[in-house]
Amino acid sequence: MEAAMRASIIILLGIGTFCIAASAVPVLQADNATYAVTVQSGSLVTHTFVVANAGDETLAISNVRTSCGCTTAALTQRDLAPGESVNVDATVNTAGFTGTVTRTITLHSNDPSHPAFVLRIDVTIADVAPTVPAISASDLKLVFYLLIDVRSPEEYAVAHLFGAVNVPLATIREAPASSASRLPHDVPIILYGADSDGGRAAGALLLAAGLPYVLYLDGGLTGWGATFGEGILRAL
């Protein structure tokens with residue numbers, strides 16, 4: 001009888017030990033397995049996931065796989081003792097993204113319940129109106145110039161370079177000093193006619209009248225059209 005009881009106790013202890021050993025498994029958990037963010041297209045999205053071993057045996061992460069080449073994931077430690085945690089640093093390049101896009105990082109481990117544990121990043125591309133760049137008055141002054149068409153008003157009305165004002169050569173010849181007095185003295189003045197002659201003649205008169213910074217368009221409107229076409233020619 002006593003021997004039978006001893007045998008029963010040994011069996012029960014063995015079963016208990018087996019049950020404890022059977023229940024000791026690694027368990028991979030994450031603080032938050034999904035990260036959602038809204039950004040502009042082309043931004044780099046970075047996020048750190050924290051994963052931990054919530055089990056009773058060492059967790060071994062054998063592989064880290066991302067869903068595409070636009071996503072990277074860095075893991076500094078692959079074996080986690082029970083209760084230990086590690087950061088998973090993720091980066092997603094959103095160049096070319098539109099709408100909402102999901103990218104994943106899969107951790108392969110010896111967790112029997114979740115051998116392929118998925119971390120997810122949901123990226124929404126914001127519909128942002130384009131920002132209009134500003135230019136300061138001082139910067140504008142550096143690039144500012146006055147474009148003058150010296151052909152007749154009739155020729156100017158047919159077509160002219162965009163932004164040009166019409167001051168006919170005949171008007172400048174009649175009163176060069178008066179014409180010069182109405183024009184700015186501190187910005188470049190570019191003159192053009194049908195060819196080089198009109199702009200050059202008007203420029204000589206205005207230089208003699210005291211305008212310090214006068215140029216003419218070599219080839220005039222004809223030369224411009226032959227080189228660049230009529231893309232910035234405008235009719236009134």
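The values are calculated or read from the model by the stated rules, or taken from the named source; none is laboratory data. In this text, all values refer to a predicted model and were calculated from it rather than measured experimentally. Glycine gets a Cβ as well: all are built from the backbone with ideal geometry, and neighbour counts include every protein chain shown.
Computed quantities for the displayed model
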item: Flag for Gly225 being touching a residue at least 12 places away in the same chain (Cβ under 8 Å) and in contact with a strand residue (DSSP E or B) (Cβ under 9 Å, 6 or more places away or on another chain); result: no
item: Residue check for Gly42: exposed (fewer than 12 other Cβ atoms within 10 Å of the Cβ) and at pLDDT 85 or above; result: yes
item: Residue list for the stretch 105-130, restricted to those being closer than 22 Å to Pro26 by Cα and β-branched (Val, Ile, Thr); result: Ile105, Thr106, Val118
item: Members of the stretch 136-181 that are among the small types (Gly, Ala, Ser) and within 46 Å of the chain's Cα centre (by Cα); result: Ser136, Ala137, Ser138, Ala157, Ala159, Gly163, Ala164
item: Tabulated pairs, the stretch 206-222, first touching a residue at least 60 places away in the same chain (Cβ under 8 Å), second surrounded by 15 or more Cβ atoms within 10 Å (Cβ to Cβ) and outside any loop (DSSP other than H, G, I, E, B), C-beta under 6 angstrom, 6+ apart or interchain; result: Leu221/Tyr192
item: Counted residues, the stretch 51-98 - those being in contact with a Ser or Thr (Cβ under 6 Å, 6 or more places away or on another chain), touching a residue at least 40 places away in the same chain (Cβ under 8 Å) and part of a loop (DSSP other than H, G, I, E, B); result: 2
item: Test: residue in the stretch 110-126 that is hydrophobic (A, V, I, L, M, F, W, C), within 30 Å of Cys68 (Cβ to Cβ) and in a loop (DSSP other than H, G, I, E, B); result: yes
item: Among residues of the stretch 211-231, those that are surrounded by 12 or more Cβ atoms within 10 Å (Cβ to Cβ) and more than 42 Å from the chain's Cα centre (by Cα), counted; result: 1
item: Residue count for the stretch 186-204, restricted to those that are within 15 Å of Leu217 (Cα to Cα), in contact (Cβ under 8 Å) with a residue 24 or more places away in the chain and surrounded by fewer than 16 Cβ atoms within 10 Å (Cβ to Cβ); result: 2
item: Hey, Pro153 of a type outside the set (Asp, Glu), at pLDDT 95 or above and more than 30 Å from Asp218 (Cα to Cα) or not; result: no
item: Residues satisfying the stated conditions in the stretch 30-39, i.e. at pLDDT 95 or above and of a type outside the set (A, V, I, L, M, F, W, C); result: Thr34, Tyr35
item: Top-ranked residue of the stretch 136-185 - restricted to ones that are touching a residue at least 40 places away in the same chain (Cβ under 8 Å) and assigned to a loop (DSSP other than H, G, I, E, B), ranked as surrounded by the fewest Cβ atoms within 10 Å (Cβ to Cβ); result: Phe162
item: Some residue of the stretch 191-206 being polar (S, T, N, Q) and touching a Phe, Trp or Tyr at 6+ places or on another chain (Cβ under 6 Å); result: no
